[in-house]
Structures are given as structure tokens and as C-alpha cells.
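Please read the structure below before turning to the comments.
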Amino acid sequence: MALLTCRDLSLGYEGREIVSGLNFKVDPGDYLCIVGENGSGKSTLMKTILGLQAPIGGRILTGDGLRQNEIGYLPQQTVVQKDFPASVWEIVLSGCGNRTGLRPFYNREEKRTARENIEKMELTPLSKRCYRELSGGQQQRVLLARALCAARKMILLDEPVSGLDPKVTAEMYGLIERLNKQEGMTVIMISHDIAAAVKYADHILHIGREVFFGTKEEYLNSAYARVFLKDGETDG
């Protein structure tokens, strides 16, 4: 059973349509990369999947017991986030907030989940450090650990390596691949990096003047990829 299915989805703001005719599904364990031109609706799609805004038309269906508040989300990082005055532990633990309900404290299980995700992201020695004192790559790993605390089966990543140097970028992609391949986490990632998309993802959703969804092999053999790569339009 698919974890996520989009049927004839139309996206936009204030009634203005950005993209229409989105039809795709994401199965458990998939790694889907979303690519396309600037302003094509990639980030809008993620926000719609998360229920942060309503679609203009069509439907989003979840399966296998998945709820919208059980999807982890790593948004594009802002300047304000980079200067956030809290410890690594506090930020990661806050990712369990969707589990507490009306309870005004974190229980033992939630604290255990936070510790496990800090360890997965290789942040244990930094758990007491202030977030704003960390490097850009360390900050991204903190935010990914936080997103994992919210995720049951699926995580959405919006340009997770933006602004990182090549070495740290490769490390980040490696961590995401390990979550997907070794731990079975379903990944949906927006990326401007076509090389990374075809290296790590197993399916590609291309949003632009035309819409394509299929395996990465099908994408590389399609007219969509040839035009996209020829034009060099690889900015998110």
C-alpha cells in the first residue's frame, strides 16, 4: 500500500494556480527526489503534503496508517534559525512535540527517541552545545535529528544541503541515504542538484512546464531530463 498518493493535484496561492496535473505515489522505503525550475511549486507541494496549505484541486491520500503530523519535515534553513539560542538537546527534543498532545512535558520514551536521533546524526558530543555556535553542517544535522523525532515512516527534506561545502554536502547525503537504505525511512527530497538526485533517489518528480514522474532510469532517458540538463536550470 502506498504511503502517499497525489491525484490530479493543483497547487497555488490565493487561487492562483502554479502547477496542475500532479499524479504520483510514494511507497514505503522509496526515495523520491523533486526537481524543477525556480518557482515551479516544489516547496508548495511539500507544504501541501504536510497540510500547511490546502490544494487548489485534487486529492492527497495517505496509507498504511500514516498521519500528516507523523511526517518529519526539514525546511530550508533561514538566517533566524541559524542564530537560535537553544541547546542541541532542546532543539532535537522539540521534534517530539507532535507526540505529547496536551501533556506539558516530554516522557521517557520521547527523550529516548531524541537521544537515539542525536546519536544517528553523530551529534552526541555536541548535545549540550548552543545551536548557534555550531557550523552550518552541524546545524543541518541537528535539524535533521529534530525532524526524525517527528517522523514515523516518512521525512520531507527541502534543499537539505543548501549552502554547505562539498565535503559536508557528501556527508549529509550519506546520512540521508543510510536512513533510507538501512533504516527504511521513506524520503522525499527537493534538490537543485541533478547529479545527487540520480545518484541517490530511486524515483524522480520533475515539476515545470511539463510534469514527469517515474524511476530515475526513465527520467534520464526522457526529454524532460535532456531539456532540463541542457538549459542548466538546476536551481531549486
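Derivation of every value follows stated rules applied to the coordinates shown; laboratory data play no part. Not measured: the values here are computed from a predicted model. Quick reminder, even Gly has a Cβ in these numbers, built from the backbone with ideal geometry, and neighbours come from all protein chains shown.
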*What is the chain's relative contact order, in percent, from Cα pairs under 8 angstrom and six or more apart in sequence?*
28
*Rounded to the nearest 10 degrees, what's the angle between the helix 136-150 long axis and the longest principal axis of the chain, both from Cα atoms, 0 to 90?*
90
*Return P(r) of the stretch 77-152 (all Cα-Cα pairs; 10 Å bins starting at 0; whole %; ordered from short to long distances).*
21, 54, 24, 1
_Sum of -39500 (n - 2.57) over DSSP H runs of 4+, divided by residues of the chain (222 nm, nearest 500)_ = -10500 deg cm²/dmol
*Under a GNM of the chain (C-alpha, springs under 10 Å), which listed residue has the highest mean-square fluctuation: Ala114, Ala147, Ala196?*
Ala196
_Degrees, to the nearest 10: 166-181 long Cα axis against longest axis of the chain_ = 90
*If exposed trypsin sites (Lys or Arg not before Pro) are those in a DSSP loop with at most 14 other Cβ within 10 Å, what is the longest stretch of the chain that has none?*
129-208
*asked:* Can you give me the angle between helix 108-120 and the longest principal axis of the chain, using Cα atoms only, in degrees from 0 to 90, rounded to the nearest 10?
replied: 70
_Separation between Cα centres of the stretch 6-32 and the stretch 52-75, rounded to whole Å_ = 11
_Please enumerate, by chain and number, the aspartates and glutamates with C-alpha under 19 Å from the C-alpha of Lys181, excluding those fewer than 8 residues away in the same chain._
Asp27, Asp30, Glu116, Glu119, Glu122, Glu171, Asp202, Glu217
*Quick one: putting +1 on the C-beta of Lys and Arg, -1 on the C-beta of Asp and Glu, what dipole do you get for the stretch 1-141 around its Cα centre, in Debye to the nearest 20?*
400
*Each label point is 7 Å from the Cα along the Cα-to-Cβ direction; what then is the distance between the points at Lys199 and Thr215, in nm?*
2.1
*Could you calculate the contour length gain from Ser135 to Gln182, that is, 0.36 nm times the residue separation minus the distance between their Cα atoms, to one decimal place in nm?*
14.3 nm
*Only residues of the stretch 132-167 count here: report those whose backbone N is under 19 Å from the spot 7 Å along Cα→Cβ of Glu122, or say none.*
134-148, 160-167
